[in-house]
Structure formats: C-alpha cells, structure tokens
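Written below as structure tokens is the structure these notes are about.
The values are calculated or read from the model by the stated rules, or taken from the named source; none is laboratory data. Nothing here was measured: the structure is a model prediction, and the numbers come from that model. Reconstructed Cβ throughout: ideal geometry from the backbone, glycine too, with neighbour counts over all protein chains shown. Keep in mind that these areas ignore ligands, DNA and RNA; they rest on the heavy atoms of the full protein, side chains included. Shrake-Rupley method; radii C 1.70, N 1.55, O 1.52, S 1.80 Å.
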Amino acid sequence: MPALVLLGAQWGDEGKGKATDLLGGSVDYVVRYQGGNNAGHTVVVGDQKYALHLLPSGILSPGCTPVIGNGVVVDPAVLLSELSGLNERGVDTSKLLLSGNAHLITPYHTTVDKVTERFLGKRKIGTTGRGIGPTYADKINRVGIRVQDLYDESILTQKVEAALDFKNQILAKLYNRRAIDAAQIVDELLGYAEQIKPFVADTTLILNNAIDDGKVVLFEGGQGTLLDVDHGTYPFVTSSNPTAGGACTGTGVGPTKINRVIGILKAYTTRVGAGPFPTELFDKDGEALRTIGGERGVTTGRDRRCGWFDAVIARYATRVNGLTDFFLTKLDVLTGWEQIPVCVAYEIDGKRVEELPYSQTDFHHAKPVYEMLPGWSEDISKAKTFSDLPKNAQAYVKALEEMSGAPISAIGVGPGRDETIEINSFLS
Ligand code: GDP
Ligand code: IMO
Ligand code: MG
C-alpha cells in the first residue's frame, strides 16, 4: 500500500490530525499538499496535546519524514516558530522536507487578507486572516514568491517589487492604508533564508522515488471537501484544493500512484466561518454538540457552528474524491441523545433532492430531510472493537456507511491515539 490520501470529507476539523498521527508510526512520509497555517490540527499523544498548523501531523512520529509539498503556502515566520515550539518539547524536526516550489506567505498577503475581509463587511468569508487567499491569488497571477527565491537576492527583490507595485496602489487608493516598503519585506524574507535552507528539497523527486521503492507515503489534506475552491461552497471556501486531486498537483505525484483515499468524517457536522450549512442547529442540541465536542477553532479560537450529520455531503465527498474508505470520528460525542437525527436528503423549493445541488442558490435554500436513529447512553470511549459498541451505536455507524457510499474502516471514540476502533487496516 505505497500511497494513500487522507482528507476532510466535510468543512474541515473532522479529526484529520488525529487520524494522520495514528498512521504516522507505520508510514515513511507524511505530506501536506495544500493550504497553509489556516489549518489547525490537534493531536493528543498520551497526556501531551499538540496544535499543528503548517507542519504535517506525521512530524510527531519518529521514523516518519514530514514533507511540505509545492501546493502548500508557507509563512516562513510561522514555520520557524512551529518548529522551535516542537523542538522545545523534545520533538525532533530535523527530517522535515520543504518543496522549493512552495509559495511564501509574506506580511503583505496577511495585510491584504485582513483589509479585504474588513472591506467586504457583512459579505465577508470569515477567513482565518493568515494570508492564504491573497498568496494563492498571487501564485495564479504569476506574481508569487517561492521558497527557492529566498536564495537569489536579486530575483527576490525584483519579484517583491513587482508584486508590491500593484498591491500598494490598491492598499493606498482603495483601502486607505500605508504602502508597504519592498526593501523591508526583502530584508525580512532574507532573514529566514538560512534557517530554512536545510529543509529545502526537490520533494517531487524524493516522493516519486520513495513510492517506486515501495515506501509508504501518506498525503494529508488540510481543510475539507466543501472548502475546496472548485468543489466546495464557493465563494465560502478556502483558496486551494483539499480534494483528492490536490494531492497530485500539490506534490507532483501522479494519480496512478495513489492506491487509497480516506475521507475523515465527523459523526455530526461543523463549520467555521460564513456560508451555507443545511443541518446547522441554533438550539440547545447545537450548543451541546459544541460543548461536548469541544468545537472551538484551533487556529482562530472561534466557536464552530454545529449541526447533525449530513449524508448528502458524505455521498458528495465519496464522489468527488473517489473515496475508498471513511474514518468516522467523534462518535463518542453523540452518547446520551435518545434519538439522533440524520439528514438523508434535502428539500429544495418543495422537491426532494438526494445529491448535493451544483447550484449554490439551491444549496442556500436546501432544508434537511431527517431520519431519526435511536441513540445510546453507554460510555463508548473504551470500546476497542466494533462489537464493543452498544447495538444502537453499531446501527448508527452502519446506517451512515450505507448512506455515505464507502466503508467505514475506523471509528474514533475519543481524542487520544488509542481511542480508535480499527475495522479494516488502512495499510494492508
Ligand atoms: P482537523 O483539523 O481535521 O485535524 O481537526 P481538529 O484538530 O481541528 O478538530 C478535531 C478535534 O476533535 C480535536 O480536538 C481532536 O483532538 C478531537 N478528536 C479527534 N478525533 C476524536 C474522537 O474520535 N473523539 C473525540 N471526542 N475527539 C476527537
Ligand atoms: P483544518 O485543516 C475549518 C475556513 C475559514 C473560512 C474559509 C476561508 O483545521 O480542517 P482561509 O483563511 O482558508 O482563506 O478561510 O475556510 N477554514 C477552515 N475551517 N478548518 C480548517 O482547517 C480551515 N481552514 C480554513 O474559517 O471560512
Ligand atoms: Mg482543524
């Protein structure tokens, strides 16, 4: 099983960090392929809790080589501070590899992110304010700065000046902000260059060779399917492709080399930031999911919007990612409800719809059609096998599997590494 992708099947925060970390001990490489430090992945190892933003979750597994692929946008200040934070806690980060083709988030990208959101007012996206969108915009506009530019001062200066010529006009004339000094940005970036240099590598070559040699490579998505810029709830999305195809473009590994695609799926639904969310709850059930599930953003500290499980979304994730398996997380959070509603379809303008509508207007009007499943009250956090689960919890999982279109191969019953029920091995 040389190459597998692990990605979010909903709107992010499904528990990807925990799932990646769980497999980290058995894989040779863990690779981030898109996004940046907008991600927030919590990993609990024993009594230690780690919050990772930019670094792949495999960094916590000795023996595993963490890789930041070309599709990731990298804030060098965040990279260095995340590394030193882990070093202080005794984690060896020396094996990290960073693509020379990855784009850099600079202070002007974070500034543009924040002022754009302010300018949009109540139409804002609710971004994480980390400069993600403006950095990807510059990449597509061909005025981005790449990691490799740090090692050619003259090219770096030309590129920063070219990028700022235009941006400063906008900042000054549209947003009434002070222009940003190119020389200062160049100095700041050059200040990171030497510290980052040991990690910079031709990651595409290394990863393809590793797969050819039979090594196990895990591609770890940030965000989730419905935050994908092409397949998500545009414009309320992030600016990259968390879906499975992103693993190829974001690393330079072809689709024929990927064997398995695992969707991380929360047993209910959450979302941070603005945008449509058919099963969102505004009542005490939503509050209970938020409290019991600890649904507060790892990156921005914002409360997550919470709602019941949405099988239409899960089916959609199976389709657009070609999922082979699901990892169902946070089943333990649903303990204690007498009945659990599950959205099986939508009603849109009086009609029942089974699949996610391609039209955003329709999606904004979608009303969930619920089926009630019986709940359970037993503590399931110690369950080790599927048969350890109460009958109603088993039936809940089986019902979700049937509606979602791919087998549920693992179930999370708590945040810890060992609080997982493995049904089918991901690595066989
Ligand atoms: P990610 O962004 O997909 O990596 O997910 P986050 O780390 O942002 O959010 C998931 C949260 O759920 C984290 O606090 C995890 O520690 C926690 N978590 C993951 N799996 C489980 C589970 O099965 N049960 C419970 N109770 N918590 C879990
Ligand atoms: P992980 O990897 C949940 C959301 C933001 C906002 C939108 C665009 O932890 O699952 P951006 O800063 O990316 O331009 O913001 O995307 N968002 C996330 N929501 N989990 C994430 O990452 C997210 N990363 C971005 O809240 O709505
Ligand atoms: Mg998260």
* Asked: If you roll a 1.4 Å probe over the stretch 103-198 with all protein chains in place, what percent of the accessible area is carbon or sulfur?
  -> 52
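As a test, work out the antiparallel percent of DSSP beta bridges whose residues both lie in the stretch 30-81, rounded to the nearest 5.
Working: 5 of 8 bridges.
Percentage antiparallel, nearest 5: 60.
Among K18/K49; K16/K114; K114/K266; K49/K330, which pairs are too far apart, with a Cα-Cα distance over 21 Å?
Over 21 Å Cα-Cα: K16/K114; K114/K266.
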* Asked: Any idea which of S404, I340, G350 is furthest toward the positive side of the dipole for the chain, if Lys and Arg beta-carbons carry +1 and Asp and Glu beta-carbons -1?
  -> G350
* To do: Could you pull out every one of the aspartates and glutamates with an alpha carbon less than 12 Å from that of K159, ignoring same-chain neighbours closer than 8 positions?
  => D138, D149
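Which of the three applies to the stretch 164-275, rounded, prolate or oblate, going by the alpha-carbon gyration tensor with a ≥ b ≥ c and a/c under 1.5 meaning rounded?
Values: a/c = 2.82, a/b = 1.32, b/c = 2.14.
Since a/c reaches 1.5 but b/c is at least a/b, the shape of the stretch 164-275 is classed as oblate.
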* Report the extension gain between N141 and K95 in nm, rounded to one decimal, defined as 0.36 nm multiplied by the number of residues separating them, less their alpha carbon distance. => 13.3 nm
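For the stretch 282-315, which chymotrypsin sites (Phe, Trp or Tyr not before Pro) are both in a DSSP coil and crowded by at most 14 other Cβ atoms within 10 Å?
Working: sites: F282, W308, F309; in loops: F282, W308.
Here the chymotrypsin sites (Phe, Trp or Tyr not before Pro) that fit, given the DSSP loop and packing criteria, are F282.
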* Structure fact -> Summing -39500 (n - 2.57) over every DSSP H run of at least 4 in the chain, dividing by its residue total and rounding to the nearest 500, the 222 nm mean residue ellipticity is -9500 deg cm²/dmol
* To do: List the aspartates and glutamates whose Cα lies under 13 Å from the Cα of K351, skipping any in the same chain that are fewer than 8 positions away.
  => D362
* To do: Just name one of L164, Y151, Y136: the one whose Cα is farthest towards the positive end of the charge dipole of the stretch 103-198 (beta-carbon charges, Lys/Arg +1, Asp/Glu -1).
  => Y136
* Using only Cα atoms, tell me the angle between helix 311-321 and the longest principal axis of the chain; keep it within 0 to 90° and round to the nearest 10. => 50
* Structure fact -> With +1 on the Cβ of every Lys and Arg and -1 on the Cβ of every Asp and Glu, the dipole magnitude of the stretch 103-198 about its Cα centre, in debye rounded to the nearest 20, is 780
* To do: Check cross-link reach from K384 to the aspartates and glutamates: straight Cα distance under 20 Å, and skip same-chain residues fewer than eight apart.
  => D21, D47, D325, D332, E401, D418, E419, E422
* Please give the contour-minus-distance gain from F119 to K284: 0.36 nm per residue of separation, less the Cα-Cα distance, rounded to one decimal in nm. => 56.0 nm
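So what's Rg/Rh here for the stretch 103-198, counting alpha carbon atoms and using the Kirkwood radius for Rh? It would help to have the intermediate numbers written out before the result.
On the way: Rg = 13.6 Å, Rh = 13.9 Å.
Ratio of gyration radius to Kirkwood radius: 0.98.
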* Ratio of Rg to Rh over the chain (Cα coordinates, Kirkwood Rh, two decimals) -> 0.97
* Express as a percent, rounded to the nearest 5, the fraction of DSSP beta bridges in the chain (both residues included) that run antiparallel. => 40
* Structure fact -> Probe 1.4 Å, heavy atoms of protein chains only: per residue, the accessible area of the chain in Å² is 41
* **Total charge dipole magnitude, the stretch 193-347, about the Cα centre, Cβ charges on Lys, Arg, Asp, Glu only, Debye to nearest 20** => 100
* Asked: Taking Cα atoms, how many degrees apart are the long axis of helix 153-173 and the longest axis of the chain, rounded to 10 and kept between 0 and 90?
  -> 70
* Asked: Which whole-angstrom value gives the distance between the alpha carbon centres of the stretch 354-414 and the stretch 274-294?
  -> 16
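Can you give the charge dipole size of the chain about its Cα centre, rounded to the nearest 20 debye, using +1 on the beta carbon of Lys and Arg and -1 on the beta carbon of Asp and Glu?
Details: 43 positive and 51 negative charges, 158 e Å.
The dipole magnitude comes to about 760 debye.
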* Equivalent ellipsoid semi-axes, the stretch 58-107, via Cα gyration tensor eigenvalues times 5, rooted, Å -> 20, 14, 6
